[in-house]
Amino acid sequence: MKHSLSRYAPYALSLIRIISGLLFLEHGTQKHFYFPAGGNHPAIATLSGAAGAFEILCGVLIAIGLFTRPAAFVASGVMAFAYFLAHFPRGFFPVNNGGDSAILYCFVFFYLIFAGGGPLGLDALRGRK
């Protein structure tokens with residue numbers, strides 16, 4: 001017998017996609033639009049600036065569930081790249097080198113490549129969950 005909560009799993013997937021996409025977007029808007037206040041504000045021609053542009057683009061696409069799988073593929077790669085370039089050189093343990101969120105984003109987005117965006121997104125309206 002299937003557990004009664006299992007029927008809500010596709011909606012939980014959509015919720016994880018929406019929240020992680022919005023949080024990812026926030027990193028990019030902080031870098032390039034200074035919102036929310038704080039953080040660093042790199043030039044677009046730097047690696048951090050390019051990462052911010054990817055965070056904005058992929059964050060929007062993931063949050064609204066449009067081209068979820070390709071956007072998640074790019075976002076996962078950006079976060080793996082960011083971890084090994086910016087965080088890993090500071091130390092082995094992610095909690096100490098500040099890379100724990102980069103790793104978490106990397107694997108959440110990696111999962112979305114395979115799982116898709118769930119039923120609450122534009123991909124689902126287009127017939128591509």
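Being more than 12 Å from the chain's Cα centre (by Cα) and either of a type in the set (A, V, I, L, M, F, W, C) or buried (at least 20 other Cβ atoms within 10 Å of the Cβ) (or both) is the filter here, so list the residues in the range 80-107 that pass it.
Within the range 80-107, the first condition is being more than 12 Å from the chain's Cα centre (by Cα), and the residues that meet it are 81-100.
Residues satisfying the conditions are PHE81, ALA82, TYR83, PHE84, LEU85, ALA86, PHE88, PHE92, PHE93, VAL95, GLY99.
Any residue in the range 80-96 that is more than 17 Å from ALA50 (Cβ to Cβ) and at pLDDT 95 or above sitting within a Cβ distance under 8 Å of a residue that is of a type in the set (Lys, Arg) and in a helix (DSSP H, G or I)? List the pairs, counting only those 6 or more apart or interchain.
ASN96/ARG90
Among the residues in the range 108-119, are any in contact (Cβ under 8 Å) with a residue 60 or more places away in the chain, among the aliphatic types (A, V, I, L, M) and surrounded by fewer than 20 Cβ atoms within 10 Å (Cβ to Cβ)?
Checked against the condition, which is being in contact (Cβ under 8 Å) with a residue 60 or more places away in the chain, among the aliphatic types (A, V, I, L, M) and surrounded by fewer than 20 Cβ atoms within 10 Å (Cβ to Cβ), the range 108-119 yields at least one hit.
Is the range 24-39 home to any residue that is under 19 Å from PRO119 (Cα atoms), surrounded by 17 or more Cβ atoms within 10 Å (Cβ to Cβ) and within 13 Å of the chain's Cα centre (by Cα)?
From the range 24-39, those under 19 Å from PRO119 (Cα atoms) are none; that's our starting set.
Taking every residue of the range 24-39 in turn, none turns out to be under 19 Å from PRO119 (Cα atoms), surrounded by 17 or more Cβ atoms within 10 Å (Cβ to Cβ) and within 13 Å of the chain's Cα centre (by Cα).
Report the residue count in the range 55-78 for those that are crowded, with 21+ Cβ neighbours inside 10 Å and assigned to a helix (DSSP H, G or I).
Residues that pass the stated criteria total 11.
Can you work out which of the residues in the range 1-41 that are touching a residue at least 24 places away in the same chain (Cβ under 8 Å) and in contact with a Pro (Cβ under 9 Å, 6 or more places away or on another chain) is nearest to ALA86 (Cα to Cα)?
LYS31
All but one of (1) β-branched (Val, Ile, Thr); (2) outside any helix (DSSP H, G or I); (3) within 30 Å of PRO119 (Cβ to Cβ) hold for ILE44; state the number of the condition that does not hold.
For ILE44, the exception is condition (3).
This table checks each residue for (1) of a type in the set (A, V, I, L, M, F, W, C); (2) assigned to a loop (DSSP other than H, G, I, E, B).
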residue: ILE16; (1), (2): yes, no
residue: TYR34; (1), (2): no, yes
residue: TYR83; (1), (2): no, no
residue: ILE103; (1), (2): yes, no
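Give me the pairs, please: first residue somewhere in the range 63-74 and in contact (Cβ under 8 Å) with a residue 40 or more places away in the chain and closer than 18 Å to LEU15 by Cβ, second residue anywhere and part of a helix (DSSP H, G or I) and among the small types (Gly, Ala, Ser), beta-carbon distance under 6 Å, and either six or more positions apart or on two chains.
Here the result reads ALA63/GLY21, each pair linking the range 63-74 to a residue that is part of a helix (DSSP H, G or I) and among the small types (Gly, Ala, Ser).
The values are calculated or read from the model by the stated rules, or taken from the named source; none is laboratory data. This is a predicted model, so every value here is computed, not measured. Every residue, glycine among them, receives a Cβ derived from its backbone with ideal geometry; neighbour counts consider all protein chains shown.
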